[in-house]
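Working notes, beginning with the structure itself.
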Amino acid sequence: MTTQRHEPQFCPHCATPLQLITQAEDGGDKQRLRCPACHWTHWNNPTPVLAAVIECGDRDGQLLLACNAAWTGRFFGLITGFMEAGETPEEGITREVAEETSLQVRALKLIGVYDFQRMNQLIVAYHALVEGEIRLSPELSEYKLFTPQTVRCWRAGTGFALADWLRSRGHEPQFIELPPRRS
């Protein structure tokens, strides 16, 4: 899953250039991109993203992490994806796991909800017990299997979900440092 968020420049209703305008709202004054002509507001609400700590029940409980084909470098992370309209988060993460790995989810349990402000996302993370033959979609370039004792977490979004899951299983998470982001 990749995403680039771009702020709109023009009103989708009347094509007037948007401006940062402060206006009174329920919680007080709030500055947002607004249309000065028709008063349309760009709310810029976080996007819900689903994530899975995938435990392979038929592979001695190893965890599957994958490398997104669009990423530079060889970073292995959780399986993630956007929730579709008309599906529950559980249906969405089950679909994402199947689409990206061909694995069948046998059990799901909510780990937690995490903010990922850099991408303006809200991550809903699950533990997914899976089985089946791993066949990656073209969206993923490769995968690795880790034991809970050898997997490393990262200090951002889904890395905190992985750390919380490890703690719930009695493992103290070990963290890696992510390389600095390129602009």
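The values are calculated or read from the model by the stated rules, or taken from the named source; none is laboratory data. Note that the structure is a prediction, hence the values are computed from the model and not measured. Cβ placement follows ideal geometry from the backbone for every residue including glycine, while neighbour counts extend to all protein chains displayed.
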Restricting the range 150-166 to residues that are at pLDDT 95 or above and either in a loop (DSSP other than H, G, I, E, B) or surrounded by fewer than 12 Cβ atoms within 10 Å (Cβ to Cβ) (or both), the residue that is farthest from the chain's Cα centre (by Cα): T150
Give the residues of the range 78-118 that are over 23 Å from C56 (Cα atoms) and in contact with an Asp or Glu (Cβ under 6 Å, 6 or more places away or on another chain), sorted by residue number. none
So, of the residues in the range 27-36 that are assigned to a loop (DSSP other than H, G, I, E, B) and at pLDDT 90 or above, which turns out to be farthest from V105 (Cα to Cα)? P36
Looking at the structure I just gave you, is G81 surrounded by fewer than 20 Cβ atoms within 10 Å (Cβ to Cβ), at pLDDT below 95 and either in contact with a strand residue (DSSP E or B) (Cβ under 9 Å, 6 or more places away or on another chain) or not in a loop (DSSP other than H, G, I, E, B) (or both)? no
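Okay, residues lined up against (1) assigned to a strand (DSSP E or B); (2) hydroxyl-bearing (S, T, Y); (3) under 30 Å from V113 (Cα atoms); (4) touching a residue at least 12 places away in the same chain (Cβ under 8 Å):
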position	(1), (2), (3), (4)
H13	no, no, no, yes
A24	yes, no, yes, no
C38	no, no, no, yes
L50	yes, no, yes, yes
Could you please let me know if C56 is more than 30 Å from E142 (Cα to Cα) and surrounded by 18 or more Cβ atoms within 10 Å (Cβ to Cβ)? no
If we scan the range 146-169, do we find a residue that is touching an Asp or Glu at 6+ places or on another chain (Cβ under 7 Å) and at negative phi? no
